1. Take A:197, A:165 and order them by how many other Cβ atoms sit within 10 Å, fewest up front.
2. Identify, among A:121, A:41, B:84, the residue whose Cα sits farthest towards the positive end of the charge dipole of the protein assembly as shown, taking +1 on the Cβ of Lys and Arg and -1 on the Cβ of Asp and Glu, with the dipole about the Cα centre.
3. Where nothing but the Cβ of Lys and Arg (+1) and of Asp and Glu (-1) is charged, how large is the charge dipole of chain B around its Cα centre, in debye to the nearest 20?
4. If one computes the Cα centroid of region B:72-135 and of region A:34-105, what distance in Å separates the two points?
5. Kindly identify region B:39-191 as rounded, prolate or oblate by the Cα gyration tensor criterion: order the square roots of the eigenvalues as a ≥ b ≥ c, call it rounded if a/c is under 1.5, otherwise compare a/b with b/c, prolate if a/b is larger, else oblate.
6. Given R₀ = 30 Å, FRET efficiency for residue B:138-residue B:39 by Cβ-Cβ distance, to 0.05?
7. Just to be sure I understand: chains A and B are related by a rotation, so which residue of A has its Cβ closest to that axis, and how close in Å?
8. Packing-wise, with mean Cβ within 10 Å as the measure, how do A:179-186, B:54-61, B:66-73 rank, highest first?
Number of protein chains: 2
Amino acid sequence: MTYCVAMRLSDGLVFASDSRTNAGVDHIATFRKLHVFQQEGERVLVIQSAGNLATTQSIISLLSARIQAGHSPNLMQVDTLYDAATLLGDTIREVIHRDSQSQQNGSTTNFGCNLLLGGQIGSESPRLFHIYPEGNFIEATSDTPYFQIGESKYGKPIIDRVLTMNTSLEQAMCCALISIDSTLRSNLSVGLPLDVMIYRTGSFDSSEQHRITENDPYFAAIRKAWSEGLVNIFRQLPPFPAQRQA
Amino acid sequence: MTYCVAMRLSDGLVFASDSRTNAGVDHIATFRKLHVFQQEGERVLVIQSAGNLATTQSIISLLSARIQAGHSPNLMQVDTLYDAATLLGDTIREVIHRDSQSQQNGSTTNFGCNLLLGGQIGSESPRLFHIYPEGNFIEATSDTPYFQIGESKYGKPIIDRVLTMNTSLEQAMCCALISIDSTLRSNLSVGLPLDVMIYRTGSFDSSEQHRITENDPYFAAIRKAWSEGLVNIFRQLPPFPAQRQA
């Protein structure tokens, strides 16, 4: 499995992904799930992926190869993030159609994947999309400023409690890391290292990318502070009253 | 969906269940998912259920009817919790077999359910089992002193962080309620009121049952304290350092 989260906030975009893939607990490997396409001063596109690794790798390979080959349309030519989302949806359908065509009768292989696409093109504001295995997609709004894909449930409550459109990018990244930490603790199929990125509105700069390992001092510090803080709050809660009124 | 959690601790057992059932968001109803079978001074058996409501209601009805009719084996006759778990597994298989027999070709109705069974019989220590739709089951141990069924992922991180075998029953109930609160906030298909019960080792007493509604002062107080406490810890965490060493 995988866990990726992306946030679209007033100041820009925040992305965080784990890097574990598995096909059963004895096939665990590390693969990057955060991919950046950039044209300086003009566009930054970030793609996160969850699902069938053969499918998601093929999608990224095809998207890249078509940019190299000047194939039209490609991610460097599209005029809007919406068009980029459409292109990703088409590419998902193409790969899944190709790979599932020769599927043997009765096989239940799931070729599906989910993608998150965030970024900024030209004069548009930054936008964030969730593209489904069917190739259709939804866009983040002020009401729902974040998307998750993969093993998303363990880390959802903390985001729901603290994130708003006006959260700063640095606080939002802290929230994303805490969300991933909750997932890491409860689910073996999500694992370090993490790939994270902050994108600031209008910067067209993708240099704020970091790989966070087990030994990252910031991640270690907030994991510890969060864990101890939670246990402290819990200890301060009144225990369930054994004698209660009906 | 549903969310039920049960814990087997040094001092006894803790049970908490929501009461929402749904078949699509426009068929939402309230049904009790915590069922108690008791013989004073000799046995207390608590069953929680998640899954197909027709299946779980049938199982409870058959278990009850067979006690009334003196049918053998029944829950009042079995000698151990293990035998009770076996009986529940058999009853799950019986109901699913009956209901799915006449299923139309191509229908994808899921008749499955998961049950939690906790309690104490005679001189045995309290035990806790999770019975799967296939009728087989696992037992809680000191390493894993709790089970969840239904929409379990949202509320798992908090339990993993604070619960041990030596947690008091009153603190454990507080933990269960916080776990349910996290689930309520993130998933519409889990809803109030809650049915909860504390069982103290050796008491053979099932009277500590409570229904917790929206207006329950204790639940309201811990939800508020927990939520505010979380936001406070989060605010105290250092934001992600924008300039970091590679």
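No value in this document is a laboratory result; all are computed from the given coordinates. Fair warning: this is a prediction, and the values are worked out from it, not measured in the lab. Neighbour counts are summed over all protein chains in view; Cβ atoms, including those assigned to glycine, are modelled from backbone coordinates with ideal geometry.
1. In order of increasing Cβ crowding within 10 Å: A:165, A:197.
2. A:41
3. For this selection, approximately 740 debye.
4. Value for the Cα centre distance between the two parts: 48 Å.
5. Values: a/c = 2.23, a/b = 1.15, b/c = 1.93.
Since a/c reaches 1.5 but b/c is at least a/b, the shape of region B:39-191 is classed as oblate.
6. 0.70
7. Here the nearest residue and distance are A:153, 2.
8. A:179-186, B:54-61, B:66-73
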